[in-house]
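Okay, structure first, notes after.
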Amino acid sequence: MRIKLISSLLAIFMIFATVASAHPGRTDANGGHTCRTNCAKWGLKQGEYHYHNGGSSSSSKSSSSSSSSSGSTKKSNKSSTATQKKATPKPEYIKSAVQVKVNGSKVIFTESPIIMNNTNLVPLREMAKAMKAKTSWDSKTQTITVTKDKYKLIFTLSSKKVKVNGKEVTLQAAPKEIKGTTYIPLRVLVEGLGASLTSSGNTLAVKVKD
């Protein structure tokens, strides 16, 4: 009888010993616990929280969270880079393929005419010479005076206001200096000097009265 009792007690003791060895520490409601004993034996670190029911350890969750955060940051950076890209601004002016003739003779320009605000601007010096007009420049007031017989025009660089024979006129495009060349709106120059302007395709014909 005693032998049976002792055998039973030994069996119970061995069961508890096995459970304790295989599972050092109690599990919580999530099925995991913090390792306190025999940690190295199970490939764990002292104080590491782990699961026995196939769940992921706290370190795995942390790694996953870090990876997710890193992915979000990369997406955010790409979005920020795309936002910083700006559309290329339109040029202030473009070169014009227009040809100008005065009383049938083609005007030879050193620099090509330009188009700005849908207005043809031509180099002043060659155009005035072709129309037999005189020009003068006042650096203090930034004004250009063009005269011929009884006609007189006063332009101001970068200003849309021009005096045509004593009357102020508002231009669609202001006179502009580009690399040493002064450009003047063609029509106001021609008509202000008493001439007429007609167009045919890319050719602008100026008729100067004798």
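The values are calculated or read from the model by the stated rules, or taken from the named source; none is laboratory data. Computed from a predicted model, the values in this text were never measured in an experiment. Cβ placement follows ideal geometry from the backbone for every residue including glycine, while neighbour counts extend to all protein chains displayed. Protein only, heavy atoms only, side chains kept; ligands, DNA and RNA dropped before computing areas. Shrake-Rupley method; radii C 1.70, N 1.55, O 1.52, S 1.80 Å.
Looking only at residues in the range 150-177 that are closer than 17 Å to Met127 by Cβ and either in contact with a Phe, Trp or Tyr (Cβ under 8 Å, 6 or more places away or on another chain) or modelled with pLDDT under 95 (or both), the one that is most open to solvent (accessible area, probe 1.4 Å) is Glu177. Checking the structure you have, find out if any residue of the range 121-135 is surrounded by fewer than 18 Cβ atoms within 10 Å (Cβ to Cβ) and under 38 Å from the mean Cα position of the chain (by Cα). Checked the range 121-135: no residue is surrounded by fewer than 18 Cβ atoms within 10 Å (Cβ to Cβ) and under 38 Å from the mean Cα position of the chain (by Cα).
Pairs are defined by a Cβ separation below 6 Å, a sequence spacing of at least 6 or placement on different chains, a first member in the range 131-145 that is in contact (Cβ under 8 Å) with a residue 40 or more places away in the chain, and a second member that is in a loop (DSSP other than H, G, I, E, B) and open to solvent by less than 30 Å² (accessible area, probe 1.4 Å); the pairs so defined are Met131/Leu193; Met131/Val208; Ala133/Leu193.
A single member of Leu189, Leu197 is at pLDDT 95 or above and in a strand (DSSP E or B), and it is Leu197.
Can you give me the number of residues within the range 96-120 that are among the hydrophobic types (A, V, I, L, M, F, W, C), touching a helix residue (DSSP H, G or I) at 6+ places or on another chain (Cβ under 9 Å) and open to solvent by 60 Å² or more (accessible area, probe 1.4 Å)? Please lay out each step first, then the result.
So the first thing to find is which residues in the range 96-120 are among the hydrophobic types (A, V, I, L, M, F, W, C), and the list is 97-98, 100, 102, 107-109, 114-116.
Imposing the further condition that a residue be touching a helix residue (DSSP H, G or I) at 6+ places or on another chain (Cβ under 9 Å) reduces the set to 98, 100, 102, 107-109.
Narrowing the set further to residues that are open to solvent by 60 Å² or more (accessible area, probe 1.4 Å) leaves 108.
Here the count works out to 1.
If you go through the range 80-93 and pick out every residue that is more than 23 Å from Thr170 (Cβ to Cβ) and either surrounded by 10 or more Cβ atoms within 10 Å (Cβ to Cβ) or modelled with pLDDT of 95 or more (or both), you end up with 0.
How many residues, within the range 143-190, are of a type in the set (Gly, Ala, Ser), within 38 Å of the chain's Cα centre (by Cα) and on the phi > 0 side of the Ramachandran plot?
Residues flagged as of a type in the set (Gly, Ala, Ser), within 38 Å of the chain's Cα centre (by Cα) and on the phi > 0 side of the Ramachandran plot within the range 143-190 amount to 2.
The set of residues in the range 159-186 that are outside any strand (DSSP E or B) and of a type outside the set (Ser, Thr, Tyr) comprises Lys160, Asn165, Gly166, Leu171, Gln172, Ala173, Ala174, Pro175, Lys179, Gly180, Leu186.
If the condition is being of a type in the set (Ser, Thr, Tyr) and in contact (Cβ under 8 Å) with a residue 24 or more places away in the chain, then the range 153-210 contributes Thr181, Thr182, Tyr183, Thr203.
In the range 200-210, the qualifying residues are those that are of a type in the set (Val, Ile, Thr) and in a strand (DSSP E or B), and the one that is most open to solvent (accessible area, probe 1.4 Å) is Thr203.
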